[in-house]
Each structure stands twice: as C-alpha cells, then as structure tokens.
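Bear in mind that the values in this text are calculations on the coordinates, not laboratory data. Everything quoted here is computed from the prediction, not taken from an experiment. Positions of Cβ are backbone-derived with ideal geometry, glycine not excepted, and every protein chain shown enters the neighbour counts.
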Ligand code: G6P
C-alpha cells in the first residue's frame with residue numbers, strides 16, 4: 001500500500017526513484033508520480049503503473065540530484081492523475097508524498113479554504129502540504145520547523161517526504177504509524193517505505209520511529225527530532241537483506257518462486273530452534289517471558305488476512321498440545337470492541353509485513369490493558385516487531401507476491417514450535433510424543449519438496465475449472481483453516497468467488513449452491529474425522545458437484561469418489577497444514593495465470609495494509 005521513495009546526493013535521482021518504485025510495486029497501487037528539484041519543483045504523475053509514468057515522462061526534463069517518488073493506493077479520492085502523488089503546495093514551491101491517512105483533514109481543509117486556498121485534489125495529503133506552506137508563510141519558519149508544527153496539528157497516520165524549491169539542499173521526512181526507512185550512503189541518503197529499494201545502494205539504514213521528523217542533507221549527518229521538538233540520536237542498523245531475494249530468480253512470477261521456496265523458508269524458520277538431540281525447542285524471544293507464557297490463562301491471537309488463518313492453525317496447536325484456551329481475533333474487530341483482557345493474557349500478534357495498521361492498533365490496545373504481546377513477524381525492523389514485548393521472527397525472507405504463501409507456512413512453523421515448547425514446559429506432552437513430533441517437523445521440508453513435485457496434475461485441474469464462477473473449499477480440524485486459506489488464495493489472484501467452510505457446516509448453507517458446475521475442494525487427510533469427511537463428499541457427489549480432493553498418499557476410499565485427486569505425503573495431523581496448503585497455492589496460481597490475471601499484483605489488493 002502506498003510506496004515512498006526519496007533520494008538526495010550526487011547521483012541522478014530519477015533512475016534511483018523509478019527503480020525504487022518498481023521495487024515497491026508489490027505493495028499494491030493505482031497511480032505513480034515523482035517530484036524532481038532543479039531550480040523549481042517538477043511534478044510528473046499519472047494513473048496506472050510505474051511503466052505508464054515512465055512513458056508519460058518520456059523526454060521531459062529529469063536532470064536532478066534530489067527527488068521524491070510515490071505509488072498511491074487510493075483512499076481519499078479515486079485513482080486518477082490529479083489525486084496521484086506528489087502534491088504541490090498552493091504556490092508550487094513544495095511537494096509532498098504521503099502514506100497513511102490524515103483523519104482530521106476535512107476540518108483543516110475547511111479552515112484553509114476560508115483563508116483563500118484552492119485545492120486541486122480530493123486527497124488528505126494535499127491538505128497537509130498546504131498547511132505546511134501556510135505555517136511557513138505565517139510563522140516565518142524553515143521547512144523542518146513548519147513540518148514539525150504542522151504534524152502537531154494532525155490526527156492520523158503518516159509517512160511523508162517533502163522537497164522545497166527554497167531549500168534545495170534538503171529533504172524533510174516524518175513518520176507516525178506508517179513505515180519509513182532511511183538508507184545512509186556515502187554523502188547521500190535514500191528513503192523508502194521498506195528496505196527493498198535501498199538495499200542495492202547501502203546496507204546501513206535508520207528506521208524512523210513514530211513521531212520522528214528527520215532533516216536530511218547530503219554530506220551532513222542525519223538530524224532527527226520528535227514532533228514535540230526533542231532531539232534524538234538516529235540508530236543506524238545493518239540490513240541482512242540480500243538483493244537476490246528481491247529478484248524472480250528465473251521464475252515467471254514472485255508468487256511461484258515463493259511457493260517453491262517453502263522447503264527452505266520452513267527450514268529457516270525452525271533452524272537453530274529445534275534441537276533433536278536434546279529433545280527441546282529453544283526460542284530466544286520466549287526466554288524473557290517464559291514464566292508468563294507458561295502460566296498464561298488464555299492466549300489471544302490477533303491478525304489479518306492470511307496471518308489470521310495461520311492464527312487459526314495456532315488455535316488448534318496451542319489447545320491440542322499446550323492445553324491453553326485460545327481465541328483468534330480479526331485485529332480490525334478486536335480493536336473496536338471493548339475486549340476483556342488481563343495481565344495473565346498473552347496476545348500473539350501475527351503479521352508478515354509487521355506494518356498492518358489494524359494489527360498494530362490492536363497491539364496498542366492490548367498493551368494498554370496490561371497484556372503481554374508476543375509478535376510473530378517476518379519483517380525485521382517493522383513497526384509490529386518493535387511494538388511487541390517479545391517475539392519470534394519467521395525467517396521466510398522477503399515476500400513480494402501480494403498473495404501470501406511462504407509467509408503462511410513459516411508462521412505455522414513458528415506457531416508449532418511455540419505450542420510444542422509451551423507443551424513441554426507446562427508438562428502437557430510426554431517426552432516420547434514430543435520427540436515424535438519434532439522429528440517429523442524436522443523432515444517436513446523434504447515432504448514439502450515432494451508435495452511440490454507430485455502436485456503436477458494441478459495444472460490439469462486448473463485448466464478444467466479456470467472459467468467457473470464459484471469454488472467451495474471444505475476441511476475439518478487442522479484442515480479447516482487450510483480450506484479458508486485455499487479459498488482466499490483463489491479469490492485474491494483469480495477473482496473467482498471462493499468460500500472456505502468447515503466441512504460439516506456445508507449442510508447449513510453452502511450445500512444449496514452445489515450443482516454440476518460447482519467444484520468443491522476437500523482436504524480429506526484427517527484421521528479422526530476421515531469417515532465424516534467421506535460422508536460430506538458423498539453429499540456433494542449426490543448433488544453432482546465436482547470433487548477435487550487432497551488426500552494422504554495411499555488413500556483409496558476418497559480416490560474412488562473424487563473427480564480429481566492430489567496426494568500429499570503422510571505426516572502428523574498437526575503438520576498437515578504445512579503440506580496441504582501447497583497444492584492449493586499452486587491451484588490458485590495456475591488458475592490465475594490461465595485467466596490472464598496479474599498474479600503478483602492483483603487488482604485492488606495491497607501487500608502491506610498500512611491504513612485501517
Ligand atoms: C494484506 C495482504 C495479505 C496479508 C494481510 C495481512 O491483505 O495482501 O497477504 O495476509 O494483508 O498482512 P500481514 O502483513 O499483517 O500479515
């Protein structure tokens with residue numbers, strides 16, 4: 001969602017800005033623009049993709065060593081040329097790029113209109129730059145001060161970068177609630193919403209904190225203050241990211257690459273944590289809060305989207321293994337309820353990006369009520385990783401495809417480790433059983449590898465069903481969240497309506513939809529409830545629905561009934577989600593490709609949802 005790039009230094013800014021925008025395309029956007037400083041501020045922007053912006057700029061003057069650029073995901077005002085960023089101030093002396101939402105923009109706008117300002121766009125961002133210009137004019141302060149004063153008047157979330165015609169040797173940036181990273185080069189600075197546009201130039205970065213305002217001048221040290229005017233010392237960190245992780249590496253799409261990376265990303269997520277010889281799991285992040293975690297009366301999992309589905313698998317795991325009651329909440333609902341929380345509660349916040357606005361707000365709410373917050377994040381240095389008391393990173397590596405794949409299986413892996421560790425410390429699992437499960441977890445990457453190879457018939461299934469209007473996904477127990485995730489993947493990237501349901505609930509509604517045109521995906525690997533799932537399959541068959549079944553290798557009964565069968569290796573029931581998800585990811589991928597959809601950047605979706 002909204003991407004920010006900025007540059008100041010001795011190099012030509014334009015290519016750096018355009019490359020940076022391309023690196024951020026994965027976040028999801030609908031228009032793009034740049035502002036370049038060269039005696040005056042030149043803003044070029046248009047609806048569409050970064051490539052459209054390049055075409056639009058064509059041979060226009062781009063000579064500049066300082067500039068800002070933006071990809072916009074529409075909130076206030078439709079995606080069009082005028083609402084695209086950057087936005088000029090009224091007299092075109094300043095330009096701003098903004099990610100986030102200024103909630104009180106309407107009242108500020110009214111006030112500025114009364115004072116004679118004329119607005120061009122429908123955006124809240126334009127209001128902010130007009131306000132900054134107004135402050136500069138009235139209070140005779142420099143840009144940095146004007147920005148700082150203005151930010152004291154706004155309510156909401158922002159990551160902003162501003163250029164000024166009158167102060168051509170600097171950029172001013174600030175953040176609250178939306179991410180902003182500053183890359184520190186030799187006499188030059190790079191700004192971006194995340195580190196991906198920066199990594200090819202420098203590994204040294206400063207993550208701005210909420211309410212930080214930064215003054216960025218080439219050849220000079222970074223100056224950071226809070227909006228309340230307190231001096232801060234910027235903390236320079238070294239990135240672990242590697243540029244190859246941001247390339248497609250021979251795959252047609254990032255999503256496909258990421259699906260195939262899962263043997264590695266799962267292994268990376270348990271590497272160094274799972275100790276077969278000593279029969280234990282050690283997770284650094286759990287040590288400090290070991291006592292609290294062990295004695296938790298309840299675990300509340302908060303997340304959005306795919307991460308919420310991982311949370312549902314977590315619910316089964318924690319209850320099954322560690323015998324702790326678990327509630328799984330959509331962060332967006334949790335934050336606006338009046339949830340009952342106590343100091344004995346553990347809140348686990350799951351987020352790939354670590355920037356999801358609703359999850360972040362839910363964390364702050366839970367913190368204010370005294371709960372201990374444990375983060376399961378993929379992005380190191382992200383807002384959620386920093387807002388939690390403790391946590392464990394999922395070492396999935398950068399996930400670029402908007403539809404989450406390897407991040408999901410990495411989250412499930414980390415939750416499995418946590419549940420097992422808690423089970424051991426609470427004495428709810430025998431030593432032998434613990435050993436059996438961790439031994440199996442240790443070889444899961446090989447089974448994922450096998451699943452990736454053996455699910456080749458997925459392409460044939462995709463061809464057969466690529467033109468249907470609806471899909472139903474059914475599963476029970478650990479496979480219920482898998483069904484939800486399978487359905488989400490399909491609708492996200494192929495735009496086919498798909499629903500996931502607990503298999504037994506089918507008779508309370510979805511069964512009415514079943515006819516000869518309706519494909520139903522059954523995840524039918526369960527041991528305990530196998531026969532019951534078979535009955536559900538019969539019910540669909542009796543109504544002429546088309547059955548696609550994910551089964552365990554060697555299955556015979558479901559094979560007889562299903563129209564299409566995909567086998568996955570046998571494993572522990574609780575580890576099945578790590579395997580059963582794979583063919584469903586591939587199915588949605590191939591259907592989307594066959595329908596000609598933009599797999600990595602599906603319409604309307606954003607990778608990192610930084611607005612609520
Ligand atoms: C967006 C993404 C999803 C993701 C969800 C939660 O909707 O498109 O793939 O699952 O946000 O994101 P998070 O980064 O918090 O896991």
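Once Rh for segment 248-452 is found with the Kirkwood sum over Cα pairs, what is the Stokes-Einstein diffusion coefficient at 20 °C and 1.002 mPa s, in µm²/s?
Details: Rh = 17.0 Å.
After rounding, the answer is 126 µm²/s.
What ranking, highest mean first, results for peptides 117-124, 88-95 when packing means the other Cβ atoms within 10 Å averaged over each residue? Please list the in-between numbers first.
Numbers: 117-124: 16.5, 88-95: 19.6.
Going by the mean number of other Cβ atoms within 10 Å, highest first, we get 88-95, 117-124.
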### Summary
Bridge orientation stat for segment 248-452 from DSSP, antiparallel percent rounded to 5, came to 10 percent
### Message
Sort 374, 522 by Cβ crowding within 10 Å, fewest neighbours at the top.
### Response
374, 522
#### Entry: 10 Å-binned pair-distance histogram of segment 238-311 (Cα, whole percent)
13, 28, 37, 18, 4
### Task
Give me the angle, in degrees from 0 to 90, between the Cα long axis of helix 357-368 and the longest principal axis of the Cα atoms of the chain, rounded to the nearest 10.
90 degrees
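Give the peptides 322-330, 294-302 in descending order of average Cβ contacts within 10 Å, highest first.
Values: 322-330: 18.3, 294-302: 21.0.
Ranked by mean Cβ neighbours within 10 Å, highest first: 294-302, 322-330.
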### Task
Name all residues of segment 275-299 having a backbone nitrogen under 17 Å from the label point set 7 Å from the Cα of residue 340 along its Cα→Cβ direction, giving them as ranges.
297-299
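If you average the sequence gap of Cα pairs under 8 Å that are 6 or more apart and divide by the length of segment 1-109, what percent do you get for the contact order? Walk me through the numbers before you get to the answer.
Values: 238 pairs, mean separation 35.4, N = 109.
That works out to 32 percent.
Counting DSSP beta bridges in the chain, what percent are antiparallel, to the nearest 5?
On the way: 60 of 101 bridges.
In the chain, approximately 60 percent of DSSP beta bridges are antiparallel ones.
I need the peptides 388-398, 101-111 ranked by packing, meaning the mean over residues of other C-beta atoms within 10 angstrom, with the highest value on top.
On the way: 388-398: 22.4, 101-111: 16.5.
Going by the mean number of other Cβ atoms within 10 Å, highest first, we get 388-398, 101-111.
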### Message
Given all pairs of different Cα atoms, what value in angstroms does the Kirkwood hydrodynamic radius of segment 1-120 take?
### Response
14.7 Å
### Using distinct alpha-carbon pairs, which all enter the 1/r mean, Kirkwood radius of segment 3-244 in Å
17.5 Å
### Message
Please compute the Kirkwood hydrodynamic radius over the chain, one decimal place, Å, based on all pairs of different Cα atoms.
### Response
25.4 Å
